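Visitor: Quick one: the structure is below, questions incoming.
The values are calculated or read from the model by the stated rules, or taken from the named source; none is laboratory data. Worth saying up front: this structure is predicted, and the values here are computed from it rather than measured. Here the Cβ positions follow ideal geometry from the backbone for every residue, glycine too, while neighbour counts run over all protein chains shown. The accessibility values were calculated without ligands, DNA or RNA, using every heavy atom of the protein model including side chains. Shrake-Rupley method; radii C 1.70, N 1.55, O 1.52, S 1.80 Å.
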Amino acid sequence: MLSANFVLNHTRVSLKKILWRHFSEKIISLQKKPARSTFSFSDEIHSFLRCDEKLISQVKNDVFPIFGFEVSIKHPIAWHHDPISKYTWQKNQPSHAFSFIDSPKADVKIVWELSRCQFFPCLALLYRKTQDEAIREKLLAIWMSWIEENPLNFGVHWVTPMEVAIRAINWIAAFEILSETDALGEPLARRISESLAEHATFIYWNLEFGKVTGNHYLANGTGLIWLGLFLGRATYVRKGKAILEESMRVQIYQDGVDYEKSLPYHKLVLELFQLGVALGMKNGLQFSAEFEKKLEQMKRFWDAAKKPNGKTPNVGDDDSGYVLVLSDSFLNPSRKQTGSRIFRDGGFAVLRHAEIHLFFDFGDIGMNGWGGHGHNDSLSFELFANGKNLIVDSGTYNYTLFQAERQRLRSIASHNTIQIDGKELVPFRNLWSIQADTTQPKLHEWSFDENRDCIEASVQNNGVRHRRRIVLDKKANRLYLTDVLSGDGRHEAMFRLHFAPDLMPTLQNQTLQLGEISLHCEGFSNMNIADSIYSKGYYQKEANKKLEASFVFETEWQGQIIFQFS
């Protein structure tokens, strides 16, 4: 049952959106002129803005990396043209009239990504370093072209407040870098500030608040803090801070795990919190003790999730999203990675020993039964050992353009677990939600010590209770993966393991070889190596291999795989 407070807030937000659609020009006209006299940019953020040699070379050559492609940023930029699909979105169409999920021609995220303007701070940094007037003139020409080509409330770039917020943050960062050298001039500075005022008003009147809130709503809050401080608008600052406090309270578990159950989105959410806090505290904002405690826990979880190579597992949705081009240390100063960790509230565990790193998902699907950016991956795992990825999550690839592939990669069949009777773990409602989370996850036991790590958990899977036990024997350098299935009647099951793309597994009898690592399989029949697909980022895809083992059981079945590391 919905709370009275939620109904009140939802009604208020909905009414504001209606008023905005009909009276936005009047609302804008009533706003005060921007005034930034007390704004102070964060030294912390400034020091972590990154423009490495590769990125410098790219922006010098008028390209910027988007989803693995080098996209032209040569002036004039076609802000509504998708260079990958060659589709052009209508720039004169009212923003509220667009429908992206049903668009068969293009993925709007391509043009959205370009319009986040994440190359603006890079060009500004490059100008500050070189004092090359051609770079300054190019940046300002591109900046003015965006303002001229994207009038408020028209085109795809005024649809989603999150996109507006990320763009505004990048504009403010670039503005502050250029202001250090008086590179803007009063007319341009005033015009940019006026557009940023429109950005702020749009976000404030179109908050992405609903029954389930996520990273979009948080981004609204961070954007309002930045814009409110930049423009001298206390109303925006107060609302932004309130959204950050609410988002931390609702979206983050006590152990620091983001309830969207996606590691890439955990990183994005952590960045959004950090950006709001860093700029806010520089300008006198204080956050609650509970907020600061959870923020620290978020960092600890992110640190634990990192493999020995510094990368994180490919768990949950990944749209390769970020806010600013920042060094990784902005999210979490380097800490020594030691020991195994369990995150009971978030439903994740990390088993670690020497060069072995296993990331295990034993929790719910995500977002308190909504699904969101979580996949049908309960009891799935990723495994890193001997300096390389061994067992991987299949990834995401895309959201809306290739929808069948989107659903395939979030399905149970694309994860390292067992599928029952050819059915999904839980049915999908649409591209980002599930009908209901019926998995009933349960953690049965766990223990970590210097000799052995052990964890055992179970979920409900289409009338069958699937119980998985993982034991890491540190003395023998061996991993035991044991599965028990129990349920009434006869069931057909399919066990799968997905291998890293650079591995070529071989199968002989009941033993699978991954280079110097062997996997001995017990209890399986009809085992074979099949082709699969792996996506390490949005619109990135490559071939890999997977193990498939089909079997039939009645009442109960048990199987085991023993990993022997060299």
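Visitor: Can you tell me which residue in the range 153-165 is most open to solvent (accessible area, probe 1.4 Å), limited to those that are touching a Phe, Trp or Tyr at 6+ places or on another chain (Cβ under 6 Å) and farther than 16 Å from L224 by Cα?
Guide: Checking each candidate, the answer is V159.
Visitor: Could you please let me know if I365 is in contact with a Gly (Cβ under 6 Å, 6 or more places away or on another chain), open to solvent by less than 20 Å² (accessible area, probe 1.4 Å) and among the aliphatic types (A, V, I, L, M)?
Guide: Yes.
Visitor: Is it true that S447 is more than 25 Å from the chain's Cα centre (by Cα), among the small types (G, A, S) and more than 21 Å from G559 (Cβ to Cβ)?
Guide: For S447, the condition - more than 25 Å from the chain's Cα centre (by Cα), among the small types (G, A, S) and more than 21 Å from G559 (Cβ to Cβ) - is met.
Visitor: For the range 466-475, give me each residue that is open to solvent by 30 Å² or more (accessible area, probe 1.4 Å) and free of Cβ contacts under 8 Å to residues at least 24 places away in the same chain.
Guide: Within the range 466-475, R467, R469, D473 qualify.
Visitor: I'd like the full set of residues that are among the hydroxyl-bearing types (S, T, Y), in a strand (DSSP E or B) and surrounded by fewer than 17 Cβ atoms within 10 Å (Cβ to Cβ), limited to the range 434-465.
Guide: Hit for the range 434-465 is S447, nothing else.
Visitor: Just to be sure I understand, how many residues within the range 222-249 are open to solvent by 10 Å² or more (accessible area, probe 1.4 Å) and of a type in the set (A, V, I, L, M)?
Guide: 4
Visitor: Hey, can you tell me all the residues within the range 526-557 that are touching a Cys at 6+ places or on another chain (Cβ under 8 Å) and more than 30 Å from H373 (Cβ to Cβ)?
Guide: Once the filter is applied, which keeps residues that are touching a Cys at 6+ places or on another chain (Cβ under 8 Å) and more than 30 Å from H373 (Cβ to Cβ), the range 526-557 yields only M527.
Visitor: Are any residues in the range 341-359 of a type in the set (F, W, Y) and surrounded by fewer than 22 Cβ atoms within 10 Å (Cβ to Cβ), and if so, which ones?
Guide: Passing the criteria: only F343.
Visitor: Answer yes if at least one residue in the range 106-114 is open to solvent by 60 Å² or more (accessible area, probe 1.4 Å) and either part of a loop (DSSP other than H, G, I, E, B) or hydrophobic (A, V, I, L, M, F, W, C) (or both), and no otherwise.
Guide: No, that holds for no residue.
Visitor: Next question. Restricting to the range 466-476, and then to whatever is charged (D, E, K, R) and assigned to a strand (DSSP E or B), can you tell me which residue is farthest from R496 (Cα to Cα)?
Guide: D473
Visitor: A further question on this structure: Can you find a residue that is more than 18 Å from the chain's Cα centre (by Cα) and in a helix (DSSP H, G or I) anywhere in the range 413-429?
Guide: Scanning the range 413-429 turns up at least one residue that is more than 18 Å from the chain's Cα centre (by Cα) and in a helix (DSSP H, G or I).
Visitor: Residue check, R238 against (1) outside any helix (DSSP H, G or I); (2) without any contact (Cβ under 8 Å) to a residue 24 or more places away in the chain, all met but one. Which one?
Guide: (1)
Visitor: Mind telling me which of the residues A183, A197, A189, A174 ends up being of a type in the set (G, A, S) and within 22 Å of H216 (Cβ to Cβ)?
Guide: Every option except A197 fails the conditions.
Visitor: To continue, here is another question. Would you check if there is a residue in the range 60-79 being open to solvent by 30 Å² or more (accessible area, probe 1.4 Å), at pLDDT 90 or above and either assigned by the TED database to the domain that holds Y322 or polar (S, T, N, Q) (or both)?
Guide: Yes, the range 60-79 contains a residue that is open to solvent by 30 Å² or more (accessible area, probe 1.4 Å), at pLDDT 90 or above and either assigned by the TED database to the domain that holds Y322 or polar (S, T, N, Q) (or both).
Visitor: Something else: Looking at F499, is it surrounded by 19 or more Cβ atoms within 10 Å (Cβ to Cβ), touching a Lys or Arg at 6+ places or on another chain (Cβ under 6 Å), modelled with pLDDT of 95 or more and on the phi < 0 side of the Ramachandran plot?
Guide: yes
Visitor: Which residues, counting only those in the range 298-310, are touching a residue at least 60 places away in the same chain (Cβ under 8 Å) and surrounded by fewer than 19 Cβ atoms within 10 Å (Cβ to Cβ)?
Guide: Selection gives P308, N309.
Visitor: When you scan the range 128-152, how many residues do you find that are open to solvent by less than 20 Å² (accessible area, probe 1.4 Å), of a type in the set (S, T, N, Q) and assigned to a helix (DSSP H, G or I)?
Guide: 1
Visitor: Is it the case that the range 512-533 has a residue that's in contact with a Leu (Cβ under 8 Å, 6 or more places away or on another chain), open to solvent by 10 Å² or more (accessible area, probe 1.4 Å) and free of Cβ contacts under 8 Å to residues at least 12 places away in the same chain?
Guide: yes
Visitor: Given the structure, is A106 small (G, A, S), more than 25 Å from L231 (Cα to Cα) and free of Cβ contacts under 8 Å to residues at least 60 places away in the same chain?
Guide: In short, no.
Visitor: Report, by residue number, each residue of the range 250-297 that is in contact with a Gly (Cβ under 7 Å, 6 or more places away or on another chain), part of a loop (DSSP other than H, G, I, E, B) and either open to solvent by 10 Å² or more (accessible area, probe 1.4 Å) or free of Cβ contacts under 8 Å to residues at least 60 places away in the same chain (or both).
Guide: Within the range 250-297, Y253, D255 qualify.
Visitor: Let me ask something else about it. Does L229 qualify as being within 20 Å of R344 (Cα to Cα) and either of a type outside the set (G, A, S) or not assigned by the TED database to the domain that holds W432 (or both)?
Guide: When the stated conditions are applied, L229 does not pass them.
Visitor: Sticking with this structure for a sec: Hey, G339 hits all of (1) in a loop (DSSP other than H, G, I, E, B); (2) more than 25 Å from K474 (Cα to Cα) but one; which does it fall short on?
Guide: Looking at each condition in turn, G339 falls short on (2).
Visitor: What number of residues within the range 311-334 are touching a residue at least 40 places away in the same chain (Cβ under 8 Å) and not in a loop (DSSP other than H, G, I, E, B)?
Guide: 3
Visitor: Quick check on the range 83-97: of everything there that is touching a helix residue (DSSP H, G or I) at 6+ places or on another chain (Cβ under 6 Å) and in a loop (DSSP other than H, G, I, E, B), which residue is surrounded by the fewest Cβ atoms within 10 Å (Cβ to Cβ)?
Guide: Per the criteria, the residue is I84.
Visitor: Can you find a residue in the range 7-30 that is assigned to a loop (DSSP other than H, G, I, E, B) and surrounded by fewer than 10 Cβ atoms within 10 Å (Cβ to Cβ)?
Guide: Yes, the range 7-30 contains at least one residue that is assigned to a loop (DSSP other than H, G, I, E, B) and surrounded by fewer than 10 Cβ atoms within 10 Å (Cβ to Cβ).
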